[in-house]
Amino acid sequence: MPVPIPRQRVIPAVENGHDGGAAPRTDRPTGPPTDTTRDTAPRGTTGPQTEPATTAEQTTTDATGAPRTTGGPDGTDRTGATSGPAAPTAAEAAETLARIAAGSAAHPGSGPASTALTLLVIEDDPAGSLNIPSLLDSAELTVRVRTARNLTEAERLLTDDVHCILLDLALPAPGPRPAETEDGTEDELAVLRHVLRLAPRHAVLALTGAENSARGPEAVRVGAQDFLYRDELDGRLLSRAVRYAVERKRADHAQRQLTESRLRAQENARLERGLLPTPLLEGAPLRFAARYRPGRSRALLGGDFYDTVRTADGTVHAMIGDVCGHGPDEAALGVELRIAWRALTFAGLCGDQLLSTLQKVLENERSDDEIFATLCTVDISPDGRSAGLCLAGHPSPLIARQGHLAELLPYDDNGPALGLLPQARWPRRQVELGRSWSLMLYTDGLIEGRIGAGNQRLGQDGMVSLVRGLLGQGLRGDALLEAAMTEVRALNGGELTDDVAVLLLDRMVPTTR
């Protein structure tokens with residue numbers, strides 16, 4: 001049994017038709033209603049009230065200006081031709097927004113490329129004084145209008161193709177009791193707050209009377225894009241207000257997304273910066289310097305990792321490593337290995353025992369069985385003259401002893417990278433450092449940069465020659481690392497694509513006479 005609708009007024013729904021000027025029909029079949037939208041009469045006129053509609057119907061204007069009704073129960077229009085879609089597609093909506101941004105809305109009869117804005121009017125006007133179709137027709141704005149008399153109807157008609165909402169602030173607030181503010185007075189904007197919660201992504205225009213002039217600006221403060229006075233409403237004003245509201249909502253949404261993106265980037269930067277190591281060398285007669293540059297764009301943390309600590313017996317332990325890959329998962333695994341190394345070092349482990357335990361950590365934490373990590377560990381004796389060296393598939397450190405040319409430490413007895421062989425062993429080799437020295441640990445990102453326009457790589461030999469030249473210029477510590485990084489980038493012809501980590505420990509003992 002059809003449910004009667006107490007009031008049927010004009011449904012402002014104007015879109016481009018292509019039926020060749022079929023005349024309108026007023027006969028309607030009976031049946032349960034599925035929409036509360038209202039039909040428009042031809043341009044410039046207001047149609048009489050009719051009996052309840054049986055289905056969601058819309059009147060469209062064809063190229064000759066004659067209206068036709070679509071949305072019959074059999075899926076055809078009243079002229080017998082198959083009707084087009086009642087609402088714009090996603091592509092049409094995107095094209096409409098582009099037209100709005102360019103300041104050129106589509107006009108009726110402008111051809112197949114024309115699209116329509118959809119305006120949802122939420123108002124209860126028994127006198128019929130608010131004639132939206134006439135206003136829009138006078139402004140020559142191609143628009144499809146849906147009308148709801150209350151918030152329940154509005155919620156049903158508020159689909160994704162609606163671009164703007166025109167809300168009468170005089171509507172009663174939802175709920176059995178009037179909404180109240182914090183001071184106990186009645187909330188005059190309760191209906192607006194409800195609509196904003198209901199449609200957070202839609203542009204909203206507030207409609208009020210001139211006698212309530214203070215309510216309009218307050219509506220904008222609460223969240224509406226603009227407000228209009230009922231008595232001053234005309235087609236040109238409404239057309240401009242709809243365009244402005246839609247564009248402002250789009251700009252607000254873009255700005256909000258940009259702000260959220262910046263906040264996320266700042267939060268990620270703080271998180272990544274907090275994961276970088278702080279050397280614990282209190283009491284050690286050594287100078288520490290480091291440089292770190294991830295290969296990932298807009299990142300502070302890569303798959304390379306390093307750390308330096310001094311244990312209670314005075315031994316200084318240094319480590320540098322590289323997880324294969326450049327993504328956030330590899331960066332997270334590098335942090336886990338660094339923290340595990342620090343904990344195991346303070347627990348007294350070193351050499352093969354420490355690396356075997358780190359391999360177990362890697363095997364349990366990696367996301368893929370193919371992931372491995374190279375590692376170099378150095379434990380410097382309390383007197384600073386000797387060190388134990390363990391290499392797990394990692395390049396050998398560079399040492400510059402006082403009075404000698406810089407060179408690489410021995411690469412013999414190098415073990416495999418962590419995660420490759422389950423029963424691997426990593427021998428610890430004892431090396432002599434001397435009285436005064438500089439020890440540089442690095443990842444392969446420093447030596448894999450290209451030289452010039454060809455495919456030749458810098459390599460370890462090239463890095464040794466480069467560092468020798470910089471040491472000859474008297475550079476030490478931070479200045480040495482900064483100059484080395486700058487020159488490597490210059491030889492590469494730009495930024496390096498791989499993660500780069502470099503750690504430098506200096507022990508300078510004044511000569512006695």
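Rule-based calculations on the coordinates, nothing more; no lab input. Since the structure is predicted, the reported quantities are computational estimates derived from the model, not experimental observations. Here the Cβ positions follow ideal geometry from the backbone for every residue, glycine too, while neighbour counts run over all protein chains shown.
Observations on the structure shown:
- Whether region 179-269 is rounded, prolate or oblate, judged on the alpha carbon gyration tensor where a/c under 1.5 counts as rounded: oblate
- Modelled this way, with points 7 Å down the Cα-to-C-beta line, the labels at GLU432 and ALA347 are 3.6 nm from one another.
- Subtracting the Cα-Cα distance of ARG287 and LEU405 from their residue separation scaled by 0.36 nm leaves 40.5 nm.
- About the centre of its Cα atoms, region 391-501 shows a dipole size close to 300 debye [charges on the beta carbon of Lys, Arg (+1) and Asp, Glu (-1) only; nearest 20 debye].
- Assuming charge only on the beta carbon of Lys and Arg (+1) and of Asp and Glu (-1), the dipole of region 306-351 about its Cα centre is about 200 debye to the nearest 20.
- 15 Å reach of a label modelled at ARG450, 7 Å along Cα-to-Cβ, counting backbone N of region 473-501: 489-498
- Shape call, region 393-453: gyration tensor on alpha carbons, a/c limit 1.5: oblate
- Cα→Cβ-extended label distance, 7 Å offset, between ALA332 and ALA251, nm: 4.0 nm
- A protection proxy built from the mean count of other Cβ atoms within 10 Å ranks the segments 453-461, 241-249, 416-424, most packed first, as 241-249, 416-424, 453-461.
- Gained length - GLN423 relative to ARG193, 0.36 nm times residue gap less alpha-carbon distance: 76.2 nm
- Longest to shortest principal axis, alpha-carbon extents of region 360-513, angstrom: 56, 44, 23
- Rounded, prolate or oblate (a/c below 1.5 giving rounded, otherwise prolate when a/b exceeds b/c) for region 462-513 by Cα gyration tensor: prolate
- With each label modelled as a point 7 angstrom along the Cα→C-beta vector, the LEU237-ARG221 pair spans 2.2 nm.
- Maximal additional length on extending the LEU475-ALA210 stretch stands at 87.7 nm, based on 0.36 nm per residue less the C-alpha distance.
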